[in-house]
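Below: the structure, in structure tokens.
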Amino acid sequence: MNLKRILTSIIGFPLVLVLLVFGNKWIIDIAFAIVAIIATNEYIKCVSQKAKPVAWICYLLAASICLIH
């Protein structure tokens, strides 16, 4: 396993727990939107050799998560 992923999970898991316990609606929505944007970026990197997604639309839709709630 990759050491970077292990360290990220050790630091990230408590951070997510604190965020979910003490965060209000907007903070949680913004955090999930950031995670969705990061995941969208990874997805676009993976499929960019086979297909050409319109990146700005993907990012806009991922960021709109905090506005939908």
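The values are calculated or read from the model by the stated rules, or taken from the named source; none is laboratory data. Keep in mind that what you see is a predicted model, and the values were worked out from it rather than measured. Note that we place each Cβ from the backbone using ideal geometry, even for glycine, and neighbour counts take in every protein chain shown. The protein model used for the area step is the full one, side chains on, heavy atoms only, and it has no ligands, DNA or RNA in it. Shrake-Rupley method; radii C 1.70, N 1.55, O 1.52, S 1.80 Å.
The table for this structure:
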quantity	calculated
From phi via Karplus (6.51, -1.76, 1.60), per-residue ³J(HN,Hα) for the range 9-22 in Hz, x at Gly/Pro	5, 5, 7, x, 4, x, 5, 5, 4, 4, 4, 6, 7, 9
For the chain: accessible area per residue (Å², 1.4 Å)	84 Å²
Loop trypsin sites (Lys or Arg not before Pro), the chain (other Cβ atoms within 10 Å of the site Cβ: 13 or fewer; DSSP)	LYS50
Descending Cα extents along the principal axes, the chain, whole Å	40, 36, 10
Sulfur and carbon atoms: percent of accessible area, the chain [1.4 Å]	76 percent
Mean separation of Cα contacts under 8 Å, 6 or more apart, over the residue count of the chain: relative contact order %	38 percent
Modelled FRET efficiency - R0 35 Å, VAL21 with LEU67, Cβ distances, 0.05 increments	0.90
HN-Hα J in Hz across the range 49-64 - Karplus 6.51, -1.76, 1.60, θ = phi - 60°, x for Gly and Pro	7, 9, 9, 10, x, 7, 5, 5, 5, 4, 5, 4, 5, 5, 6, 6
